[in-house]
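Q: So that we are looking at the same thing, I have put the structure below in structure tokens.
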Amino acid sequence: MEIVMIIVLLIILVGIWVIMTRKKLACLEENVCHAMNQIGVQLDSRARTLEMLWKTTEELAQGELPVSRQYENGNWEKIGADATPKQVMEQEKAMERITAQLGTVLEEHPEWKMQADCVTYLDALAGYEKMMCTSRLIYNDSVTRYNKAVRRFPANLIAWMLGFSRREYIG
């Protein structure tokens with residue numbers, strides 16, 4: 001009878017441990033998803049600001065903008081909780097190309113940079129770039145904590161059984 005009680009108690013303890021480990025992994029995974037979602041918000045805000053800056057520049061150029069427009073509003077891939085770091089990096093690179101094009105145009109016409117709307121949008125872009133750096137750091141930190149938990153023995157057994165797998169970092 002004592003052996004049966006010990007076995008039942010061990011099964012209960014292992015069950016509690018599995019549930020607690022699963023809860024911890026789910027919480028860490030949720031932090032990673034939330035951090036990626038925040039990156040999506042930053043990229044979306046940056047895209048809208050780029051669009052407005054481009055429109056302002058087009059208005060100042062009176063339809064004769066020397067650089068061809070490389071995108072249309074809404075062509076940006078929506079970055080959400082399930083996005084990959086590769087998607088984020090591709091979108092950032094595309095935005096950097098457009099920002100460089102706009103920078104070239106504004107350098108050729110320094111008087112445009114003094115326009116109130118341009119100043120507002122340029123300041124907003126700088127702010128979004130700083131926030132993006134912070135969001136990337138938060139994401140990578142969340143991924144580090146999550147990946148450590150997923151790889152640590154014996155929690156890695158639970159992670160493997162429940163489908164928790166390593167996440168990639170944003171480079």
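The values are calculated or read from the model by the stated rules, or taken from the named source; none is laboratory data. Everything numeric here is computed off the predicted structure, so don't read it as measured data. Note that each Cβ is placed from the backbone with ideal geometry, even for glycine, and that neighbours are counted across all protein chains shown. Side chains are part of the model used for accessible areas, which takes the heavy atoms of the whole protein and leaves out ligands, DNA and RNA. Shrake-Rupley method; radii C 1.70, N 1.55, O 1.52, S 1.80 Å.
Q: For E29, E111, give the ranking by accessible area with the largest first, probe 1.4 Å.
A: Numbers: E29 55, E111 100 Å².
Heavy-atom accessible area, descending, gives E111, E29.
Q: If I take all pairs of Cα atoms in the chain, what percentage of them are more than 24 Å from each other?
A: The answer is 52 percent, as a whole percent.
Q: Among all helices in the chain defined by DSSP H, which have a length of 18 Å or more along the axis from Cα atoms plus a Kyte-Doolittle mean of at least 0.0? Don't jump to the answer; show the numbers that get you there.
A: On the way: long enough: 2-61 (88 Å, 0.70); 85-108 (34 Å, -0.66); 116-151 (52 Å, -0.20).
Result, helices passing both filters: 2-61.
Q: Is it possible to state the helix-based mean residue ellipticity at 222 nm for the chain, with each DSSP H run of 4+ residues giving -39500 (n - 2.57), the sum divided by total residues, to the nearest 500 deg cm²/dmol? What is it? The partial results should precede the final answer.
A: On the way: 4 runs with 128 residues, N = 171.
One gets -27000 deg cm²/dmol as the mean residue ellipticity at 222 nm.
Q: Let me check something: with ligands and nucleic acids excluded, how do H109, H34 order by accessible area (1.4 Å probe), largest to smallest? Display every interim value, and only then the final one.
A: Numbers: H109 55, H34 110 Å².
Order by accessible area, largest first: H34, H109.
Q: Shifting gears a bit: Using a Cα-Cα cut-off of under 30 Å, which lysines could be cross-linked to K24, ignoring same-chain neighbours fewer than 8 residues away?
A: In chain and number order, the partners are K78, K86, K148.
Q: Find me the longest stretch of the chain that has none of the exposed trypsin sites (Lys or Arg not before Pro), where exposed means in a DSSP loop (not H, G, I, E or B) with at most 13 other Cβ atoms within 10 Å. Let's see the in-between values first.
A: Working: sites that count: R69, K78, R152, R166.
In the chain, the maximal stretch lacking such sites is 79-151.
Q: Let me ask you something else. Would you mind working out the accessible area per residue for the stretch 22-171, using a 1.4 Å probe, and quoting it in Å²? List each step's numbers first, then the result.
A: Values: 8850 Å² over 150 residues.
I get 59 Å² per residue for the stretch 22-171.
Q: On to the next question. Relative contact order for the chain: what percent, with Cα pairs under 8 Å and sequence separation of 6 or more?
A: Working: 131 pairs, mean separation 60.2, N = 171.
Relative contact order, the chain: 35 percent.
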